[in-house]
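The values are calculated or read from the model by the stated rules, or taken from the named source; none is laboratory data. Note that the structure is predicted; figures quoted are calculated from it, not measured. Note that we place each Cβ from the backbone using ideal geometry, even for glycine, and neighbour counts take in every protein chain shown. Accessible surface areas use protein heavy atoms only, side chains included; no ligands, DNA or RNA. Shrake-Rupley method; radii C 1.70, N 1.55, O 1.52, S 1.80 Å.
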Amino acid sequence: MKKIIAANWKMNKNRAQARATAEELASGLSAGKPADRTVMVFPPFLAIAEVNTVLGGRAGTLVGAQNFYPAESGAYTGEISLAMLADAGASWVLVGHSERRHVLHESDSFLAQKTQYALRQQFGVVLCIGETLEERESGRLSDVLTRQIEQGLSGVLGMSKSLLQEKLIIAYEPVWAIGTGKVAGEKEVLEAHALVKELLGKQGDDLSSLPVLYGGSVKPANAQALLGLANVDGLLVGGASLEAKSFLNIINA
Ligand code: PGA
């Protein structure tokens with residue numbers, strides 16, 4: 001399976017900055033993208049169309065959105081629909097990112113609703129899960145990942161396995177490693193990814209073949225080692241994806 005390298009730009013970059021980064025990425029990718037990588041970029045909403053103009057047509061490069069509201073249209077002030085995102089060129093969405101869970105207080109049931117809704121609308125979903133430091137230190141890693149996976153996937157188990165394999169990716173991101181510079185150690189990544197695969201195996205008709213990405217302080221210096229670990233099918237990168245050079249080094253790791 002091709003390794004998946006995803007960039008989450010969060011609330012950074014105006015349209016011109018996003019376009020410039022996308023152009024630098026496009027020329028770097030043309031100069032020597034390894035055949036075994038799928039690249040995803042999640043810009044802020046207003047830059048999706050710009051980034052799509054540059055990267056959208058490239059084979060193996062996908063553009064997505066960081067959020068959406070699970071309704072077709074209507075009285076949802078401040079929200080954005082999948083149809084609007086598709087119009088701008090997005091075909092994937094992030095769901096359950098720790099900042100949506102912990103800063104914006106999205107619940108497991110709302111995230112389940114969003115996951116189901118996006119897949120029904122033919123969008124791909126990167127469903128993010130991960131424990132806080134307090135949850136890990138109090139021995140609740142397994143409980144938290146079990147809850148997030150069981151509830152997050154509760155609305156999609158009736159969907160065809162081939163659709164899920166094509167359109168659903170899990171990202172394990174320990175909350176304590178996001179934006180902190182503290183990358184999870186090899187033992188912690190191996191343990192968590194094995195657990196995630198085991199839990200996925202118990203969902204529906206065995207979803208253990210879904211790709212599982214690692215995220216949390218991924219840098220050019222640690223990307224290769226992380227990609228070499230068992231059950232790590234790719235990386236979700238925040239801070240180190242903001243500069244094209246650094247993200248290209250991760251893609252090429
Ligand atoms: P980080 O963010 O790479 O800056 O730690 C990862 C993420 O939030 O997806």
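Counting only Cα atoms, the chain measures 46, 44, 33 Å along its principal axes, largest extent leading. Pick out, from 148, 18, 169, the residue whose Cα sits farthest towards the positive end of the charge dipole of the chain, with +1 on the Cβ of Lys and Arg and -1 on the Cβ of Asp and Glu. Farthest towards the positive pole: 18. Potential lengthening of the chain between residue 58 and residue 30 amounts to 9.1 nm, from the contour at 0.36 nm per residue minus the alpha-carbon distance. Among the listed pairs 2/161; 10/187; 3/219, those whose Cα-Cα separation exceeds 23 Å are 10/187.
For the range 1-37, the list of trypsin sites (Lys or Arg not before Pro) that fall in a loop by DSSP and count at most 14 other C-beta atoms within 10 angstrom reads 2.
Fully extending the segment from residue 159 to residue 245, taken as 0.36 nm per residue of separation minus the present Cα-Cα distance, adds 27.1 nm.
Residue order by solvent-accessible surface for 205, 87 is 87, 205, largest first, with ligands and nucleic acids left out and a 1.4 Å probe. For a modelled paramagnetic label at residue 208, 7 Å from Cα along Cα-to-Cβ, the residues of the range 122-143 in reach, with backbone nitrogen under 19 Å, are 142-143.
Taking GluC sites (Glu not before Pro) as exposed when DSSP calls them loop and at most 16 other C-beta atoms lie within 10 angstrom, the chain has its longest site-free stretch at 80-242.
With 0.36 nm allotted per residue and the present C-alpha distance subtracted, the residue 147-residue 230 stretch has 27.6 nm of extension available. Counting only residues at least eight positions apart within a chain, or on another chain, the aspartates and glutamates with an alpha carbon under 16 Å from that of residue 202 are 143, 150.
The value of relative contact order for the chain, using C-alpha pairs under 8 Å at least six residues apart, is 20 percent.
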